[in-house]
Amino acid sequence: MPLPPGAVILQVLPSLGSGGVERGTIEMVQAIARAGGRPLVASAGGRLEPAVADAGGRHLMLPLSSKNPVRMWRNAASLARLIRREGVQIVHARSRAPAWSASLAARRTGTRFLTTYHAPYDESTPGKRAYNAVMARGERVIAISEFIAELVHERHRIPTSRIRLIPRGVDTAIFDPAMVDPGRVAALRTAWHLEPHQPVVLLPGRLSRWKGQLVLIQALRWLRTPGLVCVIAGPLRDRDQYVGQLQARAKSLGFEDRVRFVGVCDDMPAGLAAADVVVNASVEPEGFGRTVIEAQAMRRPVVASDHGGAAETVEHGVTGWRVAPGDPVALAAAIDRVLALPAAERDAVGAAARQSVLARYTTSAMQRATLEVYNELLD
């Protein structure tokens, strides 16, 4: 899907950490460059900043993670100057604070404005409702799941003609069990202090209360599989207090030796291959749930909370299993049930899960569909 020659697309987001928003941004940098465009990214930087250049783009440092109204106003002026200097034709906002600055800059410069609605943002107060509304102000609003598409339409009363449903994707060439050397898996299991045949439940993702790490730790009280260990993978930096609370809870239950906090997993395909079951335990609905499709692409058995975008990617009993959110007893029962299945049955579910991902949730499909939206606005 080519872009007009020299089309300049600017993506804005708070920072370049390790989440799904950041990885989706870099995937589109790659797609824009391959399509003949010029991809720019503005953010406060982070560990994935070098990946922008590797993908063929250029990163521009701006303090877009700030929610301070004065700073956001100044960011709008900086973005407007950047847009004029670089000849930007589309500004693609991926988060709320940058979107406010970007929408002002786009209006001042007459630039097309696009948003991706990544999450069911909290609307518990009128102030938050007004703050979130900027994500529905794009000339086109990309919804990352059917759940989000419906939420955007109902919450913001925008016509469905402005909404584009584009699910997140996974690179099935990287997340492919046939491409993961057993040595990589063995090295990770050693680094995680696991015995060779010890059953492993992996919960990957950002360390946050709503991600449900506590639910998994509490589920240990009801898990019956002997020797099972829970591995919690996600960035530990700046999360010391929350990690301490999780560790204290595991200790109070007598399970401190059955929980591993391993930090960021830099080889996630091998990490998923090292697990016997992969869990999504979110207690609040996720916009999509990217770790679910990554595990499915790796043919891993998945147990996911039955709400939000994750529920769309797991067909219960066919490509994985769904459980009631926030219920450690139900989570434990599902994990035990999966681990008790004959290997052939688990393999069949894993194979069906990978086929589902190949058909519906690939990075290339997400890139093509987003390029189509860019061309729609450029036309």
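No lab work stands behind these numbers, since they all come straight from the coordinates. Predicted, not measured: the structure shown is a model, and the values here were computed from it. With ideal geometry, Cβ positions are generated from the backbone for all residues, glycine too; neighbour counts draw on all protein chains shown.
A few points about this structure:
- Using only Cα coordinates, the Kirkwood hydrodynamic radius of the range 259-379 works out to 15.3 Å.
- Highest-first arrangement of 140-147, 290-297, where packing means the average Cβ count within 10 Å: 290-297, 140-147
- Given in Å, the Rg to one decimal and the Dmax to the nearest whole number for the Cα atoms of the range 103-174 are 13.6, 44.
- Built amide H within the under 5 Å cut-off of R38, gap 5+: A7, V8, I9
- Intensity falloff of the range 177-360 expressed as log10 I(q)/I(0), Debye formula with alpha-carbon point scatterers, at q = 0.16, 0.18, 0.19 Å⁻¹: -0.94, -1.23, -1.40
- Think of the chain as having a plus end and a minus end, set by charges on the Cβ of Lys, Arg, Asp and Glu; of Q89, G271, M366, Q89 sits farthest toward the positive end of this dipole.
- In this structure, the amide hydrogen of V264, modeled 1.01 Å from its nitrogen in the peptide plane, lies closer than 5 angstrom to those of G234, L236, counting only residues at least 5 positions away or on a different chain.
- Across the range 8-116, Cα-Cα distances exceeding 25 Å account for 10% of all pairs.
- In Hz, Karplus ³J(HN,Hα) per residue of the range 103-113 (6.51, -1.76, 1.60; θ = phi - 60°; x = Gly, Pro): 5, 5, 5, 5, 5, 5, 9, x, 8, 5, 10
- The range 130-193 and the range 270-310 have Cα centres separated by 12 Å.
- Order of M28, M1, M61 under a 10 Å beta carbon neighbour criterion, fewest first: M61, M1, M28
- The chain - convex hull of the alpha-carbon atoms, volume per residue in Å³: 135
- The alpha-carbon of K211 sits under 14 angstrom from the alpha-carbons of these aspartates and glutamates, leaving out residues fewer than 8 places away in its chain: E284, E286, D306, D327.
- Here is the list for the range 142-197: trypsin sites (Lys or Arg not before Pro) lying in DSSP coil, each with at most 13 other C-beta atoms within 10 angstrom of its C-beta, are R157.
- Volume per residue of the convex hull around the Cα atoms, evaluated for the range 190-252, comes out as 91 Å³.
- Debye-sum result for the range 72-211 in log10 I(q)/I(0), which assumes one identical scatterer on each alpha carbon, at q = 0.20 Å⁻¹: -1.16
- With contacts taken as Cα pairs under 8 Å at a separation of at least 6 residues, the chain carries a relative contact order of 15 percent.
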